[in-house]
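This report refers to the structure that appears directly beneath it.
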Amino acid sequence: MDFRPSRIAVIAKHVETFIREFFYQNPLSQVGIVTIKDGVAHCLTDIGGSPESHINALMKKLECSGDSSLQNALDLVDGYLNQIPSYGHREVLILYSALSTCDPGDIMDTIQKCRKSKIRCSVIGLAAEMFICKHLCQETGGTYSVALDESHFKELILEHAPPPPAIAEFAVANLIKMGFPQRAAEGSISICSCHKEAKVGAGYTCPRCKARACELPTECCVCGLTLVSSPHLARSYHHLFPIAPFDEVTSSHLNNPNCKLQRNCFGCQQSLLDPECDLLICINYC
């Protein structure tokens, strides 16, 4: 009862927020959910790019029981993430509430297997700090934190929404085929390829096989083409090519008549030499 009304209710609420924020910042990424109970890891949702399907499945399975097996969970996610192409990141975020792990074998071997598979594991604990969780994060290059309260837990989980920096030896350049489907009319009737039933209303038509999809981004169920829209690419683009870091300029350089630096903010056009000008506000306007 340290999290009101219960730990599982708090986790479900903030995981929903995390999933929506994750797909907003990473519209071309995919997520899968695995639960651990009774010493067994269960796949709640397959890896996919639909936030609503993950959230609906999460809200229907709010239950916990028995022991927790960290090794079984890592073995399950290792099998799923090994199918990810070389240009993708393989990352696991574990929300761990137990104080022990009941494993059928040597978990150290499983941790080394995850390390060889280039799977980055991070853990957010809701109880006390555990050595095995900390060791897992250190070996795989992840982060380990223990939530103090609900607000701290929300802050910790949302830190994992932005994509991590790519490691040069792991980031392999590759070309990906994508399709930009057309949006169908509001009153059109067609058979949805993802739900296998007739639907009335707007949808998206695959440019390759002309199959209908309900939402974007997704993978065409008929031809396997990745379907996206231009705003999705734009939101992913700024993570791939971030802006260059700013150089700090002192007031002495700005007051120097021989200095050719810009003396006005590019955003709000206020003078940077004005002591009453709030530089933080200028940066936010830019």
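The values are calculated or read from the model by the stated rules, or taken from the named source; none is laboratory data. Keep in mind that what you see is a predicted model, and the values were worked out from it rather than measured. As a convention, Cβ positions derive from the backbone with ideal geometry for all residues, glycine included, and neighbour counts pool all protein chains shown. Just the protein is used for accessible areas: all its heavy atoms, side chains included, with ligands, DNA and RNA removed. Shrake-Rupley method; radii C 1.70, N 1.55, O 1.52, S 1.80 Å.
May I ask you to work out the translational diffusion coefficient for the chain at 37 °C, viscosity 0.692 mPa s, via Stokes-Einstein with Rh from the Kirkwood sum over Cα pairs, reported in whole µm²/s?
My calculation gives 147 µm²/s for D.
Per residue, how much accessible area does region 36-158 have with a 1.4 Å probe, in Å²?
51 Å²
Could you work out the local net charge near A202, counting Lys and Arg as +1, Asp and Glu as -1, over the other residues with Cβ closer than 11 Å to its Cβ?
Charge balance in the 11 Å sphere: +1.
Report D for region 7-160 in µm² per second (integer): Stokes-Einstein, Kirkwood Rh on Cα pairs, 4 °C, 1.567 mPa s.
For these conditions, the coefficient is 82 µm²/s.
Go through R20, R90 and list them by solvent-accessible area, largest first, probe radius 1.4 Å.
Listed by decreasing accessible area, they come as R20, R90.
Based on Cβ point charges of +1 for Lys and Arg and -1 for Asp and Glu, what charge dipole magnitude is obtained for the chain about its Cα centre, in debye rounded to the nearest 20?
About 1120 debye.
Sort the following peptides by mean Cβ neighbour count (other Cβ atoms within 10 Å, averaged over residues), highest first: 31-37, 103-109, 188-194.
31-37, 188-194, 103-109
How large is the Kirkwood hydrodynamic radius of region 182-240, in angstrom, based on all distinct alpha carbon pairs?
Taking every pair of different Cα atoms in region 182-240, averaging 1/r and inverting gives 12.0 Å.
Gaussian network model of the chain, Cα springs within a sub-10 Å range: biggest mean-square fluctuation belongs to which of V249, V40, V228?
V249
For the pairs K60/K116; K37/K134; K37/K154; K60/K154, flag any whose C-alpha to C-alpha distance is greater than 28 Å. Before the final figure, lay out each step's value.
Details: K60/K116 35 Å; K37/K134 21 Å; K37/K154 23 Å; K60/K154 21 Å.
Checking Cα-Cα distances, K60/K116 exceed 28 Å.
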